[in-house]
1. Scan region A:89-97 and tell me whether some residue there is over 26 Å from B:Gln37 (Cβ atoms), within 11 Å of another protein chain (Cβ to nearest Cβ) and surrounded by fewer than 20 Cβ atoms within 10 Å (Cβ to Cβ).
2. I'm trying to understand the selection: among the residues of region B:2-29, which are more than 21 Å from A:Gln45 (Cβ to Cβ) and either facing chain A (nearest Cβ under 10 Å) or of a type in the set (A, V, I, L, M, F, W, C) (or both)?
3. If a residue must be buried (at least 16 other Cβ atoms within 10 Å of the Cβ) and either closer than 25 Å to A:Tyr89 by Cα or not β-branched (Val, Ile, Thr) (or both), how many such residues does region B:22-33 contain?
4. Please enumerate the residues belonging to region B:56-84 that are assigned to a strand (DSSP E or B) and under 14 Å from the mean Cα position of the chain (by Cα).
5. Show the residue pairs that are 6+ apart or on different chains and have beta-carbon atoms under 9 Å apart, the first residue being within region A:1-30 and under 17 Å from A:Thr72 (Cβ atoms), the second being basic (Lys, Arg) and exposed (fewer than 12 other Cβ atoms within 10 Å of the Cβ).
6. Can you tell me which of B:Thr77, B:Thr44, B:Thr97, B:Thr48 is in contact (Cβ under 8 Å) with a residue 60 or more places away in the chain and either of a type outside the set (Phe, Trp, Tyr) or surrounded by fewer than 20 Cβ atoms within 10 Å (Cβ to Cβ) (or both)?
7. Is it true that B:Ala103 is within 23 Å of A:Tyr36 (Cα to Cα), in contact with a strand residue (DSSP E or B) (Cβ under 7 Å, 6 or more places away or on another chain) and in contact (Cβ under 8 Å) with a residue 40 or more places away in the chain?
8. Within region B:85-93, does at least one residue satisfy the condition of being outside any loop (DSSP other than H, G, I, E, B), more than 14 Å from B:Gly111 (Cα to Cα) and among the hydrophobic types (A, V, I, L, M, F, W, C)?
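The values are calculated or read from the model by the stated rules, or taken from the named source; none is laboratory data. This structure is a prediction, so every number in the text was calculated from the model and none was measured. Cβ sites come from the backbone with ideal geometry, for glycine too, and all protein chains shown count toward neighbours.
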Amino acid sequence: AQSVTQLGSHVSVSEGALVLLRCNYSSSVPPYLFWYVQYPNQGLQLLLKYTTGATLVKGINGFEAEFKKSETSFHLTKPSAHMSDAAEYFCAVTPSGGYQKVTFGTGTKLQVIP
Amino acid sequence: SAVISQKPSRDICQRGTSLTIQCQVDSQVTMMFWYRQQPGQSLTLIATANQGSEATYESGFVIDKFPISRPNLTFSTLTVSNMSPEDSSIYLCSVQTDLNSGANVLTFGAGSRLTVL
């Protein structure tokens, strides 16, 4: 069984400030981890993914996330927020190894204040 | 990655009626997935639709309420039957992409926002 917890349904940051969106997961087997972003009236799109190898993964739009097995975390960061980053962000997990069901977190809405 | 078109993008429906949502993909895909996205909740998988076989439904979802068709490798429909206000939600179609990574990376349509009065 697997689950995802996203701390904070709403996060506000000032433009230019650090963005930190938290994600903790639970998985009985090694996981694959994802962050998706959803802009208003659009579907979700993949920001980045961790499967194997380097634990720090870089994604689109300057975002990155670090897989920390000891902390069962996969937090999303960006050094400097931009107005265009305002969106909803979803963390997701799936067991490794072939096709497996994806479990999503409840999402975090990011507000960027000018 | 695949491009997914969903329609309708939004609709307002009366209680007791049914609505069919269409999902068209610009390439052939084996698996198509239907999700429900309710405000403040995570995306919930309704069912997996494979071409040529019956859809596989997740716990809490039944075929009589959410019949799915998958007539070919680029198209699927989801019907929400006998709707009630509790069915008001965004319904998302998705497909598996990035098969080389071995992970179930998903591409989503823009969603169909249903409001049931």
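1. There is at least one residue in region A:89-97 that is over 26 Å from B:Gln37 (Cβ atoms), within 11 Å of another protein chain (Cβ to nearest Cβ) and surrounded by fewer than 20 Cβ atoms within 10 Å (Cβ to Cβ).
2. Matches in region B:2-29: B:Ile12, B:Cys13, B:Leu19.
3. 6
4. Within region B:56-84, B:Thr56, B:Tyr57, B:Ile68, B:Ser69, B:Arg70, B:Phe75, B:Ser76, B:Thr77, B:Leu78, B:Thr79, B:Val80 qualify.
5. Once the first residue is under 17 Å from A:Thr72 (Cβ atoms) and sits in region A:1-30, its partners that are basic (Lys, Arg) and exposed (fewer than 12 other Cβ atoms within 10 Å of the Cβ) give A:Pro30/A:Lys69.
6. When all the criteria are applied, what remains is B:Thr97.
7. Criteria not met by B:Ala103.
8. No: zero hits.
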